[in-house]
Amino acid sequence: MAGQKPRQSWIYFINPYRLSLRCKLGHTHIYDLNEPGEISCKTTSCTQIINSSRVFRGEHPYIIWTHDDFQDNFNYIKTFSVIPLTSSTIERDKGLPTAYPINATSRNGLDKQSFALIHQICTVDANCFKDKNGDWLVRIGQIDKPDKEAIDERLKYFFNIQDKPSDDWFVNNASPELLEQVFNCLPDDIKQSALEKLIDNLE
Ligand SMILES: [Zn+2]
């Protein structure tokens, strides 16, 4: 039995094997994810390596959010932006405003309480939602309206904190406390060199 074209807030149980990834320099391409590991950026002039083991992967329920056309070089690829759901949150995701709990209902088809990992929203090739014959898969359910609205709010919050603050923002907020806060967020292995560079600037 074939399903229908996925729509917003519908839930599918899939393994997104082809999705868009972005290198640290901002090049975004669609990649086949057969194995977790390191992937070279598809931009020919770029030498960045993308660590795909950080990508949320495997068979999970995914909520359809938007459908888009992804432009990869000269091709347009049909994609869906999807939010993964997991019933087992790892410790670091607990309490995040972007891990939104959804109770199992007959409407959403989930078998236990799950967390929508809003910060893990990703762009997946639409073919991941089709079977071998090219027919759309059958959805497992759809999220309820209050959950949809709550996710919408949290998405806005998430994209806000992702936006790089403007120069004005830095001018208005610069303080020793902020400097310290940012410093504490640096990976341990570059703290020393970052600090030395600042001290060099001072001299
Ligand atoms: Zn790149």
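Structure notes:
Yes/no matrix, rows are residues, columns are (1) surrounded by 14 or more Cβ atoms within 10 Å (Cβ to Cβ); (2) touching a Cys at 6+ places or on another chain (Cβ under 7 Å):
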residue	(1), (2)
24	no, no
27	yes, yes
30	yes, no
40	no, no
47	no, no
58	no, no
80	yes, no
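- Residue match in the range 13-23 (condition: modelled with pLDDT under 90 and part of a loop (DSSP other than H, G, I, E, B)): yes
- Among the residues of the range 50-75, the ones that are farther than 27 Å from residue 114 by Cβ, charged (D, E, K, R) and either within 16 Å of the ligand (Cβ to nearest atom) or at pLDDT below 80 (or both) come to 1 in all.
- Check on residue 96, aliphatic (A, V, I, L, M) and in contact (Cβ under 8 Å) with a residue 24 or more places away in the chain: no
- Output for the range 134-156, where each listed residue is among the acidic types (Asp, Glu) and surrounded by 15 or more Cβ atoms within 10 Å (Cβ to Cβ): 144, 147
- Looking at 47, 105, 86, 98, just one residue is of a type in the set (Ser, Thr, Tyr), more than 16 Å from the ligand (Cβ to nearest atom) and over 16 Å from the mean Cα position of the chain (by Cα), and that residue is 105.
- Filter pass, residue 16 being surrounded by 18 or more Cβ atoms within 10 Å (Cβ to Cβ) and in contact with a helix residue (DSSP H, G or I) (Cβ under 8 Å, 6 or more places away or on another chain): yes
- Residue-level check: of (1) at pLDDT below 90; (2) in contact with a strand residue (DSSP E or B) (Cβ under 9 Å, 6 or more places away or on another chain); (3) of a type in the set (D, E, K, R), residue 5 misses just (1).
- Test result for residue 141, under 20 Å from residue 107 (Cβ atoms), of a type in the set (Gly, Ala, Ser) and at pLDDT 80 or above: yes
- Given (1) surrounded by fewer than 20 Cβ atoms within 10 Å (Cβ to Cβ); (2) under 19 Å from residue 154 (Cβ atoms), index of the condition residue 104 fails: (2)
This table checks each residue for (1) closer than 24 Å to residue 68 by Cα; (2) in a strand (DSSP E or B).
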| position | (1), (2) |
| --- | --- |
| 78 | yes, yes |
| 85 | yes, yes |
| 97 | no, no |
| 105 | no, no |
| 110 | no, no |
| 124 | yes, yes |
| 132 | yes, no |
| 149 | yes, no |
| 153 | yes, no |
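- Options 42, 24, 78: the member that is away from the ligand (no atom under 16 Å from the Cβ), more than 21 Å from residue 152 (Cα to Cα) and of a type in the set (D, E, K, R): 78
- Remark: pairs (first residue in the range 163-179, not assigned by TED's automatic domain parsing to the domain that holds residue 26; second residue modelled with pLDDT of 75 or more and aliphatic (A, V, I, L, M); Cβ separation under 9 Å; 6+ apart in sequence or on different chains) = 170/178; 179/198.
- Matching residues in the range 181-192 - criterion: being in a helix (DSSP H, G or I) and surrounded by 10 or more Cβ atoms within 10 Å (Cβ to Cβ): 181, 182, 183, 190, 191, 192
The values are calculated or read from the model by the stated rules, or taken from the named source; none is laboratory data. Worth saying up front: this structure is predicted, and the values here are computed from it rather than measured. Cβ sites come from the backbone with ideal geometry, for glycine too, and all protein chains shown count toward neighbours.
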